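Please read the structure below before turning to the comments.
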Amino acid sequence: MEAAERAEKRMRDLMVRALNGDAVAYGDFLRDLTAHLRAFLRKRLYQHLDDVEDITQEVLLAVHKQRHTYRPGEPLTPWVHAIARYKVVDLLRSRSSREALHDSIDDEMQLFAHSDQEAGEARRDIAKLMKHLPDRHRLPIQHVKLDGLSVAEAAQLTGMSESAVKVGIHRGMKTMAAKIEGSQ
Amino acid sequence: MKTESMIDVLMAEAGPVPRHVTERRFASAGVFGIALATAMMLVAFGLRPDIESAALLPMFWFKLMFPAAIAVAAMWMAARLSRPGARMGFASIAVAAPFVILWLMAAVTLLNTEPAARVDSILGNTWPTCVPEIALLALPAFAATFWAMRGLAPTRLALAGAAGGLMAGGIGAMIYALRCPEMEAPFLAVWYVAGIAANGVAGALLGPRLLRW
């Protein structure tokens, strides 16, 4: 059995006991989960190690609050992964810094390459900037970059072709970047 | 806060977690949506006057079953989308199937209809009120479905919103069918579908705003 499989089995067992009210199992589960999350996030957010602990806590809290959505008997890894991914994308959205808009749009994690202390303000900027984009640019960005859908899902949802979605994201990001530069 | 102390805090909240929360929330939303829509339909519009004779016709029952099937399939899909990492499986096919069946029926009906009568078969007598009344009757289910999902953890918000909207649209159309006198598949294929789809679109647009957690 591989390490990931063993961990899945062990943690699933702990989680099921925790859901039945076993506080000790729950503590073990959370500590195991913390270690896995930390390692997982460190590898992926290597340009932003300062935030790893914050995000880890953020995900822990989300797992705790949403534990009623885990169904015993189903694999635990996809459930935790989906929560972690959602929270990372959420953070990414609130931190999307000005510089990030100039960067490659194809690598989401690149967005973490630059830090932005004024998170709240940056988010408002994005909303304001996006408001003026035409739907064919705005919707793909909304779905793919902000909501974390895949290009295929965004295409299905908007009725656009996948290449139109990609082009829309690219053009829209460029427009927004140009606007930011213009306003500075 | 140190992560270790955070774990201690969370541990202190450990305890038995209720089972089947997803199922119970969606079941409540469905019951509430159907009950309130029925009451609204009876008060605002009333049953179709010929309901007793209409109930003897297969089309009357198909007209109920088609939106009911969409509501059930969309509920299944929304419930899956409300749990992180759950696979959609065949849920999206189950949602699409009733539409496809209805459109096939409508196509067959139109092919067997005199060309001159085809437009009437699509427009019926009540097309201007069909979509808005379906939307009205879907409102309680729409609100209830979003309430159900807000207590869960959807991670694909637009898609989850769309599924929730389709569930509400299906419920609205089902109750509307009890009041609607139209009996032609082409009518349903255009106007019922539009009423249900409008709810799906509204859900997709509102999902990212209302379902964040």
Taking first residues from region B:20-49 that are basic (K, R) and second residues anywhere that are surrounded by 14 or more Cβ atoms within 10 Å (Cβ to Cβ) and in a helix (DSSP H, G or I), the pairs with Cβ under 6 Å that are 6 or more apart or on different chains are B:R25/B:A148
Only one of (1) within 14 Å of chain A (Cβ to nearest Cβ); (2) in a helix (DSSP H, G or I); (3) more than 21 Å from B:R150 (Cα to Cα) does not apply to B:M40, and that is (1)
How many of the residues making up region A:132-180 are within 14 Å of another protein chain (Cβ to nearest Cβ) and not acidic (D, E)?
-> 22
Flagged pairs (Cβ under 7 angstrom, 6 or more apart or on separate chains; first in region A:1-16, under 22 Å from A:T69 (Cα atoms) and in the same structural domain as A:G73 (by TED's automatic domain parsing); second surrounded by 17 or more Cβ atoms within 10 Å (Cβ to Cβ) and of a type in the set (D, E, K, R)) are A:L14/A:D28
Which one of these does B:V72 not meet: (1) surrounded by 15 or more Cβ atoms within 10 Å (Cβ to Cβ); (2) among the β-branched types (V, I, T); (3) more than 9 Å from chain A (Cβ to nearest Cβ); (4) over 14 Å from the mean Cα position of the chain (by Cα)?
-> (4)
Out of the residues in region A:39-65 that are surrounded by fewer than 21 Cβ atoms within 10 Å (Cβ to Cβ) and facing chain B (nearest Cβ under 7 Å), state the one that is modelled with the highest pLDDT.
-> A:H64
Residue among B:A27, B:A73, B:A79 that is assigned to a helix (DSSP H, G or I) and touching a Pro at 6+ places or on another chain (Cβ under 8 Å) | B:A73
Exactly one of B:P181, B:P154 is in contact (Cβ under 8 Å) with a residue 24 or more places away in the chain and surrounded by 21 or more Cβ atoms within 10 Å (Cβ to Cβ), and that one is B:P154
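The values are calculated or read from the model by the stated rules, or taken from the named source; none is laboratory data. Here the structure is a predicted model, which is why all the values come from computation and not from measurement. Using ideal geometry, Cβ is built from the backbone for each residue, glycine included, and neighbour counts are taken over all protein chains shown.
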